[in-house]
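Encoded as structure tokens, the structure appears first; notes follow it.
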Amino acid sequence: MERESIIVLDFGGQYNQLVARRVRECNVYCEIYSYKTDLAKIREMNPKGIILTGGPNSCYGEGAPTYSKELFELGIPVLGLCYGAQLMQLILGGRVEKAPVREYGKTEVFVETDSQLFAGVSPVTTCWMSHFDYISQIAPGFRICAHTADCPVAAAECEEKGLYAIQFHPEVLHTCEGTQMLSNFVKQICGCAGDWRMDSFVENSIAEIRRKVGGGRVLCALSGGVDSSVAAVLLSKAVGKQLTCVFVDHGLLRKDEGDEVERVFGPEGPYDLNFVRVNAQERYYKKLAGVTEPEEKRKIIGEEFIRVFEEEAQKIGAVDFLVQGTIYPDVVESGLGGESAVIKSHHNVGGLPDCVDFKEIIEPLRDLFKDEVRKAGLELGIPEYLVFRQPFPGPGLGIRIIGEVTAEKVRIVQEADAIYREEIAKAGLDKTVGQYFAALTNMRSVGVMGDERTYDYAVALRAVNTVDFMTAECADVPYEVLQTVMGRIINEVRGVNRVMYDLTSKPPGTIEFE
């Protein structure tokens, strides 16, 4: 890699994205790779440091994920987290056993502040523990540099070789000084300068796109969401009129959103783009008729996206490149980044069909997390109200409607969602609540309206607060606001007689319903 970087080796932990995300907060570029990545490839990448993630296994168990001892002999600093810490100790001659007392949740940790890893950290700090096993004996050459009341080795280090093992999770926000610890590792121990910034990303991306595209013609998949909008403006800056943006209105957008997208990016908008709007609502409804399985819906929506683009490309003439707003969490959650389980297929990653009729797909935001995409958007001069608009998934309402998608169900969820967003804004919560929307459940229940029996759908309201969109907590929307929303939806949206509020965090749930 030309730029300095840290690589994360994923052993199946649920926080793998958070590790990379926190490293990037230190202005150091970071990518996730499977623990199966060959040692020769790691040498070739020449990272400044390596981080081993947590994982669900016992490192001493048969068939447990592992790595060769040579990883720790590269002369590159290595930080092991939770499972990664235990694995490091086991491989290098320590011992790991089932813990007599399991630790889970916020825990008081006593650290040795003379350790480079804990420079600037309080002697007693709160950290997030989550482990059944523990390091019962450290490997030769290591010293213990942190402990808890129940865990004798909360951290161990071999400063001479640049090897560090932490039993807790510094990457989660519940670890109060975790960012300081990770910053100490990547900057003080690994010697990273911290020059990964959005201004240089934008400048370098424009130059790279120009080099790659040359005189070719480019077709951009524009949904009107934050990711595709930033991708479109980035390409416009790079290749100008060689770019045609195709906006597919698949009938699964929020209420009036198709017209809003056209106002922003169409001929009357502020951007000098070739803009084509394709009204494909009926086409999508036919393809989705009778389909209830979430993954199948995502893949159908993804394939139709590509087919529409191919058709538009033929009308335009020879098109060499397709641009998509894929971002890094899409890649990882689709199972293409590290070793974690596939959470869901994304319409522009795991949902792509096998055969795509373009020379190459350009995904300029593929390495970025959502907050980094927003920073890039601001660097490109996109107005704040567009950059910070409510996130909307690529498959749209297709994954906010449980079960079969029909035009009638789309109408219901569009109207319910519009009411919800309107009342959130009226209450002044649109600046404090991270993401909020209405979804249509597949449940129908008995109700009474106007002294008559009803048997209609239940709408679920969702509101979460999140920094990185990889973890999220239910937002505390005032009860009176929810009551107002409920009353309006039941009275104004035909086909609904029940409204519920989803309290689930991520994990164990996801932000979207499917």
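The values are calculated or read from the model by the stated rules, or taken from the named source; none is laboratory data. In this text the structure is predicted, and so the values were computed from the model without any measurement. Positions of Cβ are backbone-derived with ideal geometry, glycine not excepted, and every protein chain shown enters the neighbour counts. For accessibility, only protein heavy atoms count, side chains too; no ligands or nucleic acids. Shrake-Rupley method; radii C 1.70, N 1.55, O 1.52, S 1.80 Å.
Residue-by-condition table, conditions (1) in contact (Cβ under 8 Å) with a residue 40 or more places away in the chain; (2) of a type outside the set (G, A, S); (3) under 21 Å from A149 (Cβ atoms):
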| site | (1), (2), (3) |
| --- | --- |
| F72 | yes, yes, no |
| P77 | yes, yes, no |
| G80 | yes, no, no |
| G84 | yes, no, no |
| L87 | yes, yes, no |
| G93 | yes, no, no |
| Y104 | no, yes, yes |
| E108 | yes, yes, yes |
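Applying the selection to region 137-163, what residues are of a type in the set (K, R) and more than 34 Å from the chain's Cα centre (by Cα)?
Correct list: R143 only.
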*Mind telling me which of the residues R21, R43 ends up being within 28 Å of L365 (Cβ to Cβ), among the charged types (D, E, K, R) and either at pLDDT below 95 or open to solvent by 10 Å² or more (accessible area, probe 1.4 Å) (or both)?*
R21
*Would you check if V121 is under 13 Å from Q167 (Cβ atoms) and open to solvent by less than 30 Å² (accessible area, probe 1.4 Å)?*
no
*Mind checking which residues of region 265-297 are assigned to a helix (DSSP H, G or I), of a type outside the set (A, V, I, L, M, F, W, C) and out of contact with any Asp or Glu (no Cβ under 8 Å at 6 or more places or on another chain)?*
E282, Y285, K286, E295, E296
*Looking at region 420-436, which of its residues are open to solvent by less than 10 Å² (accessible area, probe 1.4 Å) and either of a type in the set (S, T, Y) or under 13 Å from V499 (Cβ atoms) (or both)?*
Y420
*Would you check if there is a residue in region 458-467 being of a type in the set (S, T, N, Q), in a strand (DSSP E or B) and free of Cβ contacts under 8 Å to residues at least 40 places away in the same chain?*
yes
*When you look at F201, is it in contact (Cβ under 8 Å) with a residue 12 or more places away in the chain, among the aromatic types (F, W, Y) and farther than 30 Å from P56 by Cα, yes or no?*
yes
_Those residues of region 5-18 which are touching a residue at least 60 places away in the same chain (Cβ under 8 Å) and either in contact with a helix residue (DSSP H, G or I) (Cβ under 9 Å, 6 or more places away or on another chain) or open to solvent by less than 20 Å² (accessible area, probe 1.4 Å) (or both), in sequence order_ = I6, V8, L9, D10, F11, G12, G13, N16, Q17, L18
_Residues located in region 20-48, provided they are touching a Leu at 6+ places or on another chain (Cβ under 7 Å) and touching a residue at least 60 places away in the same chain (Cβ under 8 Å)_ = R22, V23, C26, Y33, Y35
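Would you mention how many residues in region 173-191 are in a loop (DSSP other than H, G, I, E, B) and open to solvent by 10 Å² or more (accessible area, probe 1.4 Å)?
Number of matching residues: 6.
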_Qualifying strands (runs of 3 or more DSSP E) (wholly inside region 1-72; at least 1 residues being in contact with a strand residue (DSSP E or B) (Cβ under 8 Å, 6 or more places away or on another chain) and within 16 Å of Q86 (Cβ to Cβ))_ = 5-10, 49-52
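So that you can scan it fast, the table gives a plain yes or no per residue for (1) farther than 24 Å from S205 by Cα; (2) free of Cβ contacts under 8 Å to residues at least 40 places away in the same chain; (3) out of contact with any Gly (no Cβ under 7 Å at 6 or more places or on another chain); (4) outside any helix (DSSP H, G or I):
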residue: G216; (1), (2), (3), (4): no, no, yes, yes
residue: L219; (1), (2), (3), (4): no, no, yes, yes
residue: G224; (1), (2), (3), (4): no, no, yes, yes
residue: V230; (1), (2), (3), (4): no, no, no, no
residue: L234; (1), (2), (3), (4): no, no, yes, no
residue: F247; (1), (2), (3), (4): no, yes, no, yes
residue: G251; (1), (2), (3), (4): yes, no, yes, yes
residue: R254; (1), (2), (3), (4): yes, no, yes, yes
residue: E262; (1), (2), (3), (4): yes, yes, yes, no
